[in-house]
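Here's a structure for you.
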Amino acid sequence: MEEINLYELLRFYRKHWLKIAGATLLGLVLAVNYTLWGQKPMYKSEATLIVVSKLESSPIAQGSSQLSDYPLLIKSRRVLEPVIRQHHINLDYTSLQQNISANNDKDTRLISLSVKSTDAVTSQRLANSIIVSFREQVKAIYGTDDIKIVDDASLPKKPANVRRTAQIALGAMGGFLVSVLALFFAFDFAQSQTANFTAAERLVYEKTRQAERAKALTLKLEQQAARASVRRERRTARAERRAALLKRWADTRAARAIARAEKRSQQLEARVKRTELRLEAQKAKEAARQAVKQAKIAAATERRAEAARLKAEKMKLEASEKAIRLRAEERRRKDEERRRKEEAAARKAELAAQEAARKEAEKAEAERKAAEEARAKAEAEAEATAKKAALEAEATAKKVEAEAKAKAKKEAAELRKAVEIEARAQARVLKLQESRKKKSRFRRKKSPAISLRDLTDIASKES
């Protein structure tokens, strides 16, 4: 193996980082797939037993080495086959024995028992059944009942053989290490291929690699420049769209303000008309009221005359009605007192209700004022933003209009100059035509038999 340049190796890794990432991701996916769906979970139920007999015939009295028989007895056929027949499980003796673990801690009388199964409840039931069968076999073999339960068989909450985080991390790490090692061997192979080159071939190879790197760098820079150009064009388009939207929004606001002003003026005109109609109706009512008043005066005069006539008759009836009035007055006074009391109570309740209503109205008025202030503030901010946008749009429009006017003036000046030149040319042409006509008339008068050659010479001279 040739000497490896660490810098070149790191550059090789950086060039093939996608392969490393892909291999790591593949290992991660495989680990997740195996952990969640491929691996079979095994639940482990644990129990603890203790030997407490002190008889001479017991294993403890005969020697502590006898305690090592108990873990082997737990895994024996004599203990496990009754358990298999009792639970009707689809396991033979060998498979069940492989899922059972029994240990005796050194210098103790404790026996640790653990049973594995694909179901948590099944593992607990098997552990309890094994403990019962083991105690029966100990009693039958040794003739003693010196096995006591310290900890009952536990119900496992999660699988004992599944460690999701560690397994997924190991899968990702395995994919990473495999990709790194594969790339390392590929780099070593490429280095070994170039090690046999001559000096000229190595120089050509290095120059080729440098040209490829320069070409890749140029392509990358061109791509970055293209992306920057696209981003700049997008920003320009967004700015133009934003300016157009702001201008449209300002125009809409101005149109709405004009519409509101027109509607307001129409409402004021309608209100003026309604006021005029109301004044006319009031004048008509006043005239009718005066007429009614005159009619009432006439009726009052008639009533006074009738009253004078009836006064005598009433005086006769006053004596008889006086007693009745007194009784009625007494009764009315009592009714009035009762009514006043009821009215006082009602007024008191009404005042209390009015006070409560006034408080509620004050609270509502305060809330309304706060809402109006917030709305006024929001409208002021929106109006300031609209004014600012309108000013910016107006400044832009004025600038564009000034440029258009300057361009139009320039074009008009050029057009006028062209027209003047054309007019001068036409005047010159007319003048030449007139002079040619005069010369032709003079020549015809002087020598009517002039030749075609002389006419051609004259025309060339004039031109």
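Pick from region 65-95 the residues that are more than 15 Å from I147 (Cβ to Cβ), free of Cβ contacts under 8 Å to residues at least 24 places away in the same chain and part of a helix (DSSP H, G or I): which of them is farthest from the chain's Cα centre (by Cα)?
S65
What residue, of D107, D119, D151, D146, is out of contact with any His (no Cβ under 7 Å at 6 or more places or on another chain) and surrounded by fewer than 13 Cβ atoms within 10 Å (Cβ to Cβ)?
Of the residues listed, the single one that is out of contact with any His (no Cβ under 7 Å at 6 or more places or on another chain) and surrounded by fewer than 13 Cβ atoms within 10 Å (Cβ to Cβ) is D107.
Moving on. Which residues, taken from region 430-462, are surrounded by 10 or more Cβ atoms within 10 Å (Cβ to Cβ), modelled with pLDDT under 80, outside any loop (DSSP other than H, G, I, E, B) and among the aliphatic types (A, V, I, L, M)?
L455, I458, A459
All but one of (1) of a type in the set (A, V, I, L, M, F, W, C); (2) at pLDDT below 85; (3) farther than 30 Å from R242 by Cβ hold for A386, so report the exception by its number.
All conditions are met except number (3).
Which one of A364, A386 is of a type outside the set (K, R) and touching a helix residue (DSSP H, G or I) at 6+ places or on another chain (Cβ under 8 Å)?
None of the other options fit; the residue is A386.
Same structure again: Give region 1-40 a look and list any residue that's touching a Gly at 6+ places or on another chain (Cβ under 6 Å) and either at pLDDT below 90 or of a type in the set (A, V, I, L, M, F, W, C) (or both), or say none.
Correct list: A23, L26, L28, L30, A31.
From the list A214, A261, exactly one residue is at pLDDT below 90 and either closer than 29 Å to A386 by Cβ or not in a helix (DSSP H, G or I) (or both). Which is it?
Residue meeting the stated conditions: A261.
Could I ask something else about it? Give the residue, chosen from S129, S123, that is under 24 Å from S95 (Cβ atoms), touching a residue at least 24 places away in the same chain (Cβ under 8 Å) and in contact with a helix residue (DSSP H, G or I) (Cβ under 8 Å, 6 or more places away or on another chain).
Being under 24 Å from S95 (Cβ atoms), touching a residue at least 24 places away in the same chain (Cβ under 8 Å) and in contact with a helix residue (DSSP H, G or I) (Cβ under 8 Å, 6 or more places away or on another chain) holds for just one of S129, S123, which is S129.
The values are calculated or read from the model by the stated rules, or taken from the named source; none is laboratory data. What you see is a predicted model; the values in this text were computed from it and never measured. Virtual Cβ from ideal backbone geometry, glycine too; neighbours counted across all protein chains shown.
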